[in-house]
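The values are calculated or read from the model by the stated rules, or taken from the named source; none is laboratory data. Note that this is a predicted model, so its numbers are computed, not measured. Methodologically, a virtual Cβ is constructed for each residue, glycine included, from the backbone with ideal geometry; neighbour enumeration extends over all protein chains shown.
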């Protein structure tokens, strides 16, 4: 699942972080799990997390001795609004061109 469209006009690494977090929105992800999912170096990931936290798009919680990052609820799409269907042709072209 991808983050809502209104949150996709950010840097690529930030969008990748949001998408990874949306996929595991119920349980969150550790920084190490995010690094593996996003495949960026730790400094780039740290910068992206800082920007997302500053914009209140993520939160950090401590859960059973683990620190996990969670997406803000407004970033997670409502499954009933758009079932698990692929993006349309227009969406694919728009994403490919970076709009």
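Below, the figures for the structure above:
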item	result
Filter result for residue 56 (surrounded by fewer than 16 Cβ atoms within 10 Å (Cβ to Cβ), at positive phi and either free of Cβ contacts under 8 Å to residues at least 12 places away in the same chain or part of a loop (DSSP other than H, G, I, E, B) (or both))	yes
Residues that are at negative phi and touching a helix residue (DSSP H, G or I) at 6+ places or on another chain (Cβ under 9 Å), drawn from region 37-46	37, 38, 40, 41, 42, 44, 45, 46
Out of 85, 33, 27, sole residue that is in a helix (DSSP H, G or I) and at pLDDT below 95	33
Test for residue 6: is it modelled with pLDDT under 90 and in a loop (DSSP other than H, G, I, E, B)	no
Criterion violated by residue 49 - all others in (1) surrounded by 13 or more Cβ atoms within 10 Å (Cβ to Cβ); (2) free of Cβ contacts under 8 Å to residues at least 24 places away in the same chain; (3) part of a helix (DSSP H, G or I); (4) out of contact with any helix residue (DSSP H, G or I) (no Cβ under 6 Å at 6 or more places or on another chain) satisfied	(2)
Candidate set: region 66-79, residues that are closer than 19 Å to residue 35 by Cβ and surrounded by fewer than 19 Cβ atoms within 10 Å (Cβ to Cβ); chosen: the one modelled with the lowest pLDDT	66
Which numbered condition residue 40 misses (of (1) in a helix (DSSP H, G or I); (2) more than 10 Å from the chain's Cα centre (by Cα))	(1)
